[in-house]
Structure formats: C-alpha cells, structure tokens
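The values are calculated or read from the model by the stated rules, or taken from the named source; none is laboratory data. Treat the numbers as computed from the prediction; the structure is a model and nothing was measured. For neighbour counting, all protein chains shown are included, and Cβ atoms are generated from backbone atoms with ideal geometry for every residue, glycine included. The area values use the complete protein model at the heavy-atom level, side chains included, leaving out ligands, DNA and RNA. Shrake-Rupley method; radii C 1.70, N 1.55, O 1.52, S 1.80 Å.
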Amino acid sequence: MTVEPYGFDAHLALNVQRILKEESHLDAVADAAGGSYYIEALTDSLAREGWKLFQQTEAEGGYAKALESGTIARALAATRAAREKAYAGRRRARW
C-alpha cells in the first residue's frame, strides 16, 4: 500500500505508511480487504452499474453513436452537476 502526499508534506505520507504497518499490521496480511463485506458489496455494485452502462451504450449502437448523439455528454454533465451540488452543500469533500 502506498500513501502519497496530496495537500500535505511528503514526510507525513511516509509516517502514515509507518503507522499502518506498525499498528495495523497491514504488511502481515496478503489482502487487507479480502473478505470484507463492504469492499465486496461495493465492488459488486460498481460492476453491476458498469455493466448496465455498457449494455445501454451497446443498445444505442455502440460508443461512437452514443458519443455522436450526445448521450455520453449528457450523462457526464448530470454527474458533474450532482457532484458540484454535493460539494456546494458540503455533503461531499473534494479529493
């Protein structure tokens, strides 16, 4: 696992890695998230939603046609608007 500095000093990222190693023993397990219900459910949900989007794009005639018709641009604009609203309402933090 690598923790990279984003908005803070590099030595702090290194210290976070050391704490995870020494106190959480994440270096002693093969897969720290293996068997975690939350991670498994999140992965399953992500895969199902991705598959739905793929099928919708294919039903429309493929990526090129979806791009030409503006379907992809509208979906991106809707996602962007929802995220900006969440940021403005402080329901979500920018990363």
**Message:** Quick check: net charge around SER24, other residues with Cβ under 15 Å of its Cβ, Lys/Arg +1 and Asp/Glu -1?
**Reply:** -2
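Kirkwood hydrodynamic radius for segment 40-95: how many Å is it when counted over pairs of different Cα atoms? Please list the in-between numbers first.
Numbers: mean 1/r = 0.0768 Å⁻¹.
Final number for the Kirkwood radius of segment 40-95 is 13.0 Å.
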**Request:** Note the full-extension length gain between ALA77 and PHE54 as 0.36 nm times their separation in residues minus their Cα-Cα distance, in nm to one decimal.
**Result:** 6.5 nm
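Percent relative contact order of the chain, based on C-alpha pairs within less than 8 angstrom and at least six residues apart?
Details: 23 pairs, mean separation 8.4, N = 95.
Reported as a whole number, the value is 9 percent.
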**Item:** Carbon plus sulfur fraction of accessible area for the chain, probe 1.4 Å, in percent
**Value:** 57
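Mind ordering 58-71, 36-49 by average Cβ neighbours within 10 Å, highest first?
Working: 58-71: 12.6, 36-49: 10.4.
My ranking of the peptides, most packed first, is 58-71, 36-49.
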**Farthest positive-ward along the chain dipole, Cα basis, beta-carbon charges - from LEU76, ILE19, THR57** = LEU76
**Rg and Dmax of the chain, Cα atoms only, in Å** = 19.6, 53
**Prompt:** What dipole magnitude, in Debye to the nearest 20, does the chain give about its Cα centre under +1 on Lys/Arg Cβ and -1 on Asp/Glu Cβ?
**Reply:** 660
